[in-house]
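The structure under discussion appears below in the form of structure tokens.
The values are calculated or read from the model by the stated rules, or taken from the named source; none is laboratory data. Computed from a prediction, not measured in an experiment: that's the story for all the values here. Neighbour counts are summed over all protein chains in view; Cβ atoms, including those assigned to glycine, are modelled from backbone coordinates with ideal geometry.
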Amino acid sequence: MWGWGGYSEAGDVIRYFRINPDNFSGRRLYRIIGEGHNLLVTNSCRECQETANHHGTPDPFWVRTNLAFLASEKMDLLLVCGRVAKETYEASGFQFPKVIFMDHPAARRWSNASLDAMTRRVAEMVA
């Protein structure tokens with residue numbers, strides 16, 4: 001979380017949020033999930049950062065707590081984006097039946113072809 005505060009009015013860190021569809025990662029994620037889906041995001045760390053280049057400390061307990069709540073709200077599919085997220089998810093002990101491990105949406109190695117392939121894979125998983 002960075003650039004928009006990441007805190008509630010009470011000063012608590014926000015556990016999950018709707019990613020901005022106009023930022024780089026948001027545009028890619030909305031392209032991948034397609035129309036008509038509710039996209040909620042949580043992070044591997046609980047600290048808000050100054051910029052996209054700053055990184056917090058991954059917190060598996062934080063991730064497990066957030067994902068357990070989101071799963072209780074009828075989560076259909078879990079996208080785990082990037083190496084740090086994958087390692088933190090695995091360390092959390094949380095299990096979800098429909099998980100896709102993928103590159104972070106801001107990774108440079110994405111191409112139109114790989115984005116299209118991931119879009120098809122997501123569509124198959126939520127069908």
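For the reader, a short list of remarks on this structure follows.
- Extreme residue, modelled with the lowest pLDDT, among residues of region 46-69 that are of a type in the set (S, T, N, Q) and under 20 Å from residue 26 (Cβ atoms): 49
- Near pairs, Cβ below 8 angstrom, 6+ apart or cross-chain, from region 102-127 (under 22 Å from residue 87 (Cβ atoms) and modelled with pLDDT of 95 or more) to any residue that is surrounded by fewer than 10 Cβ atoms within 10 Å (Cβ to Cβ) and of a type outside the set (Ser, Thr, Tyr): 103/109
- So residue 92, is it modelled with pLDDT of 95 or more and either under 12 Å from the mean Cα position of the chain (by Cα) or buried (at least 16 other Cβ atoms within 10 Å of the Cβ) (or both): yes
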